[in-house]
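Since every read-out is calculated from the coordinates, none of them should be taken as a lab result. Everything numeric in this text was worked out from a predicted model, so none of it was measured. Here the Cβ positions follow ideal geometry from the backbone for every residue, glycine too, while neighbour counts run over all protein chains shown.
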Amino acid sequence: MRTAIHKHVTSFGTLLSKLCHEFCHHLDRERFGFPHTPHTRGFYERTAALYHRARGTPPKLLFWRPQPGGTWVIDWAADESGRVNGLFCGPSGPEAQYSGRHSVYTGERMERWQ
């Protein structure tokens, strides 16, 4: 597999991530019978769990940041404390009610916005 712009060969991790992503789409359609497999927060949590299980690496928590219009985006720069470069990156406005998320790895609630 190669990168889209520069046509460089991708790393093993990138290839495995793509395979996990596509496998989850396949599983949703073939095993669970979903006609569509949208990219939801749960979908990305499942692909991340599969990726880390396959690599034998400890799972990373995915930090989600609310966007206008009710959508969410993964905050790749956030660390385990929910801070970006030492600054709090929690929600503001109506989204400030959001106080945690569910971990697909341990089944326990993980606090996100402190």
task = Arrange the following residues from fewest to most other Cβ atoms within 10 Å of their Cβ: 74, 5.
result = 5, 74
task = Go ahead and collect, in residue order, the members of the stretch 33-49 whose backbone nitrogen is under 12 Å from a label point 7 Å along the Cα-Cβ direction of residue 74.
result = 40-49
ask   = Taking the Cα centre of the stretch 12-55 as origin and charging only Cβ (+1 Lys, Arg; -1 Asp, Glu), how large is the dipole, in debye to the nearest 20?
value = 120 debye
ask   = Points 7 angstrom from Cα along the Cβ direction at residue 30 and residue 52: gap in nanometres?
value = 2.6 nm
request  = Pop the C-beta distance of residue 61 and residue 39 into the FRET formula with R0 = 25 Å and round what comes out to the nearest 0.05.
outcome  = 0.85
ask   = Sequence-distant or interchain residues sharing an amide H contact under 5 Å with residue 72, placed H: which?
value = 67
remark   = Assertion target for 71, 14, ordered by fewest C-beta neighbours within 10 angstrom first, is 71, 14
